[in-house]
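One structure is given here, and the rest of the page talks about it.
The values are calculated or read from the model by the stated rules, or taken from the named source; none is laboratory data. Bear in mind that the values here come from a model prediction, so they are computed numbers and not experimental data. Quick reminder, even Gly has a Cβ in these numbers, built from the backbone with ideal geometry, and neighbours come from all protein chains shown. Keep in mind that these areas ignore ligands, DNA and RNA; they rest on the heavy atoms of the full protein, side chains included. Shrake-Rupley method; radii C 1.70, N 1.55, O 1.52, S 1.80 Å.
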There are 2 protein chains.
Amino acid sequence: MSDQNTADRKVDIRQPVMSANDRIAEANRDRFAALGAYVINMISSPGAGKTTLLQAMAERMADEMAVIVGDLQTRRDAERVREKGVRAHQIETGGACHLDARAVMKATGAMDLQPGDCKVLVVENVGNLVCPASFELGEHMKVALLSLPEGDDKVLKYPSIFSRIGALLITKTDLAPHMDFDVDRAIAECESLNKDFRTFQISARTGEGVDAFCDFLLAKQSGLTA
Amino acid sequence: MSDQNTADRKVDIRQPVMSANDRIAEANRDRFAALGAYVINMISSPGAGKTTLLQAMAERMADEMAVIVGDLQTRRDAERVREKGVRAHQIETGGACHLDARAVMKATGAMDLQPGDCKVLVVENVGNLVCPASFELGEHMKVALLSLPEGDDKVLKYPSIFSRIGALLITKTDLAPHMDFDVDRAIAECESLNKDFRTFQISARTGEGVDAFCDFLLAKQSGLTA
């Protein structure tokens with residue numbers, strides 16, 4: 001590559017921080033196992049519809065889910081989820097561009113979750129398609145949302161996240177008549193990076209795909225205790 | 001703040017890197033002055049319409065503009081701009097979540113821009129509403145795009161960028177009939193962070209606002225040499 005970025009020079013410096021994060025992620029993993037919850041790390045661009053999807057999921061499974069929400073600032077998203085009867089905790093990162101395992105550990109502690117409290121714990125990451133991909137939180141699965149208005153060329157432009165996901169949620173499908181988004185292209189490009197993911201086409205507005213995604217998560221949770 | 005992120009612990013480590021970046025940004029600033037070009041740093045979420053706007057601007061001022069495009073991977077965006085007759089250079093950051101001053105310095109050198117070659121140089125940053133805000137490139141102005149599908153609540157959620165911009169481009173306005181986006185709310189929230197920015201409502205699809213934004217940039221360039 002002819003163009004180098006100063007970020008490249010930070011790799012060595014960041015290494016110990018990353019390892020510390022991975023150790024805490026491991027502790028989170030033990031905690032999540034004790035809770036019996038299936039945990040997803042939900043990642044997307046700003047405005048791809050993460051919080052709106054959580055509100056739609058709440059119509060189906062409010063009592064079976066809990067949510068940890070990350071934002072740089074504001075507590076709006078947790079409030080929006082709580083309005084739907086879901087237990088939710090807001091993390092304000094104060095400028096940090098991603099959640100890390102320590103922030104999630106603290107949030108889990110603050111929520112005082114007990115075994116059986118929820119089947120599915122959703123961690124809604126900061127709206128950012130780049131940095132969150134690099135920080136393990138102890139989740140069972142990373143899930144990425146890609147909304148139709150963002151365009152069908154985004155998978156190969158942001159390979160770090162799309163290569164790591166277990167589910168690709170193509171969102172805002174109700175806008176399809178107004179968009180030039182080739183769903184097959186997006187899926188094919190994701191398959192070129194990743195051999196093990198499920199695709200869901202979702203409109204939180206019409207409800208399309210929401211039940212199927214909830215069923216998928218609940219089946220994953222059943223698998224944990226089988 | 002009760003929730004701390006390990007990123008907070010990186011502040012001291014990053015400080016020298018940031019200062020090095022600022023020194024290179026200063027050198028870029030001198031170079032841009034010698035070129036007589038007005039330089040903007042264009043920042044948004046993935047898919048807010050940066051490249052499509054550049055293509056629309058090319059209809060008006062292809063010979064007066066040049067473009068440096070940043071992406072994690074792929075060279076598509078520079079190709080899309082070049083198809084419109086605009087000189088364009090692609091930076092692939094190889095995973096880095098933002099452009100920095102060194103990458104822009106190298107790109108400017110590789111393009112071999114000479115005084116008078118362009119009036120406006122647009123640096124299209126990596127699609128990310130967080131990290132690019134912290135890295136000066138030597139630009140005259142930061143410009144943020146916020147597209148209607150992203151939602152009108154994003155300004156206060158991403159204050160680091162919206163507090164630093166000289167122009168707020170509300171994009172994809174042709175989708176207004178299908179969206180619940182309160183333009184006045186977005187502008188008012190930006191005004192709560194920032195007392196010195198201009199707003200443009202733009203649809204690259206219909207052409208709305210594109211000429212006005214081009215005129216604004218060309219007037220800024222005229223001001224440089226006045």
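State yes or no: is A:Gly116 of a type outside the set (A, V, I, L, M, F, W, C) and in a loop (DSSP other than H, G, I, E, B)?
The answer is yes for A:Gly116.
Assuming A:Gly127 fulfils every condition listed in (1) surrounded by fewer than 24 Cβ atoms within 10 Å (Cβ to Cβ); (2) in a loop (DSSP other than H, G, I, E, B); (3) small (Gly, Ala, Ser) apart from one, which condition is it?
Single failed check for A:Gly127: (1).
I need a count of the residues in the stretch B:130-141 that are open to solvent by 10 Å² or more (accessible area, probe 1.4 Å) and within 12 Å of the chain's Cα centre (by Cα). Show your work before the answer.
As a first pass, look at the stretch B:130-141 and keep what is open to solvent by 10 Å² or more (accessible area, probe 1.4 Å): B:131, B:134, B:136, B:139-141.
Keeping just the survivors that are within 12 Å of the chain's Cα centre (by Cα) gives B:136, B:139-141.
Residues in the stretch B:130-141 being open to solvent by 10 Å² or more (accessible area, probe 1.4 Å) and within 12 Å of the chain's Cα centre (by Cα): 4 in total.
Please state which one of A:Gly223, A:Gly207 is at pLDDT 95 or above, more than 17 Å from the chain's Cα centre (by Cα), more than 13 Å from every other protein chain (Cβ to nearest Cβ) and assigned to a helix (DSSP H, G or I).
Values: A:Gly207 fails: assigned to a helix (DSSP H, G or I).
Result: A:Gly223 is the single residue among A:Gly223, A:Gly207 that is at pLDDT 95 or above, more than 17 Å from the chain's Cα centre (by Cα), more than 13 Å from every other protein chain (Cβ to nearest Cβ) and assigned to a helix (DSSP H, G or I).
As an exercise: evaluate A:Gln73 against (1) open to solvent by less than 20 Å² (accessible area, probe 1.4 Å); (2) among the polar types (S, T, N, Q); (3) within 8 Å of another protein chain (Cβ to nearest Cβ) and give the number of the one condition it does not meet.
Result: A:Gln73 fails condition (1) only.
Tell me, please, whether a residue that is assigned to a helix (DSSP H, G or I) and surrounded by fewer than 18 Cβ atoms within 10 Å (Cβ to Cβ) can be found in the stretch A:35-47.
We begin by selecting, within the stretch A:35-47, every residue assigned to a helix (DSSP H, G or I); these are A:35.
Add one more test, that the residue is surrounded by fewer than 18 Cβ atoms within 10 Å (Cβ to Cβ), and what stays is none.
No; the residues of the stretch A:35-47 include none that is assigned to a helix (DSSP H, G or I) and surrounded by fewer than 18 Cβ atoms within 10 Å (Cβ to Cβ).
Report every pair of residues separated by at least 6 positions or lying on different chains whose Cβ atoms are under 7 Å apart, first residue within the stretch B:128-151 and more than 11 Å from chain A (Cβ to nearest Cβ), second assigned to a strand (DSSP E or B) and open to solvent by 10 Å² or more (accessible area, probe 1.4 Å).
Taking only residues 6 or more apart or on different chains, the pairs are B:His140/B:Tyr38.
What pairs can you find where one residue is in the stretch B:170-197 and among the hydroxyl-bearing types (Ser, Thr, Tyr), the other is assigned to a loop (DSSP other than H, G, I, E, B) and modelled with pLDDT under 95, and their Cβ atoms are less than 7 Å apart, with a gap of 6+ or different chains?
Listed pairs, sorted by first residue: none to list.
Quick check on the stretch A:83-95: of everything there that is more than 7 Å from every other protein chain (Cβ to nearest Cβ) and closer than 20 Å to B:Asp152 by Cα, which residue is farthest from the chain's Cα centre (by Cα)?
Here the answer is A:Glu83.
Is one or more of the residues making up the stretch A:11-24 more than 7 Å from chain B (Cβ to nearest Cβ), under 30 Å from A:Glu150 (Cβ atoms), surrounded by 16 or more Cβ atoms within 10 Å (Cβ to Cβ) and modelled with pLDDT of 95 or more?
No.
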